[in-house]
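I have placed the structure first, in the form of structure tokens, so that the comments after it can refer back to it.
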Amino acid sequence: MFADALQRWPWPEDCTLPDVSPFTFTLDGGGRHLIQTVLQNRTNSIFAEFGTFMGGAARTWLSNNIGLRYVCVDPWGDDITDYVKSLSNVDWAARAYKTSYLEEIAELLSRYGPLRLVQNNLASFKDRCVLIRGRIPAAYSEMRSAGLVPDIIYIDALKRHEDFVEAHKIFPNAIITGDDWNWGIQADGAYPIRPYVEEIARERNGQIYADRATFVISEPRHELQFDDKWRYMSQSSA
Ligand SMILES: C[S@@+](CC[C@H](N)C(=O)[O-])C[C@H]1O[C@@H](n2cnc3c(N)ncnc32)[C@H](O)[C@@H]1O
């Protein structure tokens, strides 16, 4: 199945940039140890990251999990360049990265565009990584039609209801995880993506484990083990 995907979404001949060293630049809001717990339990699995950005999380998880096969999905559009340029004015990003580093990446993005940079960042993993330039939810159906069915899904894109629910429907057996758990708190204390994740967890008889930005829906059939301190109790059941 993965060999077919490597043929269907081939790497270009010139996938490296001789004058740019691969870099690990990721928007990590915390709690990714939960994903590593899943990966340790699922060696040799197929992991799909929807919203891959510069491939920083992919580089980390591919390096730390040698049997892992990885699907990166992202439109890699021009808006990423504008976004990175704007990050030096955002508090959390300025705390995580020096302004000069952000400017350097923005400059590389302007020069090469996001796709060439992400290819360069992930080229050393090209035997077990495919890059799909596309948008969810359409990309879910494209993958399924091609027979590329992930064991684990990590959603880190636009935070829309359809992105979560369609992943659940199209990949009914995948372990569903993602980012943005603590993103966008509203005046009433609600968080935008939590109802979507809770909806899926209910339908799958699953329990949510979460830490800062990261969540995992753990279902009995998946037999995952997490420390109970990460178990999420929703407002209604607390
Ligand atoms: C917050 S960033 C992802 C960060 C990345 N996962 C990391 O850990 O570094 C969001 C990404 O979602 C991508 N994106 C936007 N719309 C999308 C869509 N419909 N489908 C997939 N990715 C999308 C953007 O291009 C951007 O790269």
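The values are calculated or read from the model by the stated rules, or taken from the named source; none is laboratory data. Quick caveat: nothing in here was measured; it's all calculated off a predicted structure. So basically every Cβ, Gly included, is an ideal-geometry build from the backbone, and we count neighbours across all protein chains shown. These area figures cover heavy atoms from the full protein model, side chains too; ligands, DNA and RNA do not enter into them. Shrake-Rupley method; radii C 1.70, N 1.55, O 1.52, S 1.80 Å.
Whenever a residue of the range 60-84 is touching a residue at least 40 places away in the same chain (Cβ under 8 Å) and more than 12 Å from L115 (Cα to Cα), its partners that are open to solvent by less than 70 Å² (accessible area, probe 1.4 Å) and near the ligand (Cβ under 7 Å from one of its atoms), lying with C-beta atoms within less than 8 angstrom and at least six residues away or across chains, give the pairs Y70/E49; V71/E49. Of the residues making up the range 24-39, those that are open to solvent by less than 30 Å² (accessible area, probe 1.4 Å) and not in a loop (DSSP other than H, G, I, E, B) are L34, I35, V38, L39.
Looking only at the range 101-121, which residues are within 17 Å of L27 (Cα to Cα) and either more than 12 Å from the ligand (Cβ to nearest atom) or in contact with a Pro (Cβ under 7 Å, 6 or more places away or on another chain) (or both)? Y101, L102, E103, E104, A106, N121 - these are the residues of the range 101-121 that are within 17 Å of L27 (Cα to Cα) and either more than 12 Å from the ligand (Cβ to nearest atom) or in contact with a Pro (Cβ under 7 Å, 6 or more places away or on another chain) (or both). Looking at the range 203-211, can you tell me whether even one residue there is under 19 Å from F50 (Cα atoms) and either outside any loop (DSSP other than H, G, I, E, B) or touching a helix residue (DSSP H, G or I) at 6+ places or on another chain (Cβ under 7 Å) (or both)? Yes, some residue in the range 203-211 is under 19 Å from F50 (Cα atoms) and either outside any loop (DSSP other than H, G, I, E, B) or touching a helix residue (DSSP H, G or I) at 6+ places or on another chain (Cβ under 7 Å) (or both). For the range 133-169, a residue qualifies if it is in a strand (DSSP E or B) and crowded, with 21+ Cβ neighbours inside 10 Å, and the qualifying residues are I152, I153, Y154, I155.
When the range 175-185 is filtered for residues that are touching a residue at least 60 places away in the same chain (Cβ under 8 Å), assigned to a loop (DSSP other than H, G, I, E, B) and not polar (S, T, N, Q), the ones remaining, listed by number, are D179, D180, W181, W183.
In the range 58-101, of all residues being touching a Gly at 6+ places or on another chain (Cβ under 9 Å) and in a loop (DSSP other than H, G, I, E, B), the one that is least open to solvent (accessible area, probe 1.4 Å) corresponds to W76.
Here is a list of conditions, (1) open to solvent by 10 Å² or more (accessible area, probe 1.4 Å); (2) in contact (Cβ under 8 Å) with a residue 24 or more places away in the chain; (3) within 19 Å of the chain's Cα centre (by Cα), and I217 meets all of them except one; can you say which number that is? The number of the failed condition is (1).
Cβ-Cβ contacts under 8 Å between residues 6 or more apart (or on different chains), taken from a first residue in the range 186-205 that is without any contact (Cβ under 8 Å) to a residue 24 or more places away in the chain to a second residue that is open to solvent by 40 Å² or more (accessible area, probe 1.4 Å) and assigned to a helix (DSSP H, G or I), are listed as N205/P220. Just wondering, is there one or more residues in the range 78-96 that are modelled with pLDDT of 95 or more and within 11 Å of the ligand (Cβ to nearest atom)? No - not one qualifying residue is present in the range 78-96.
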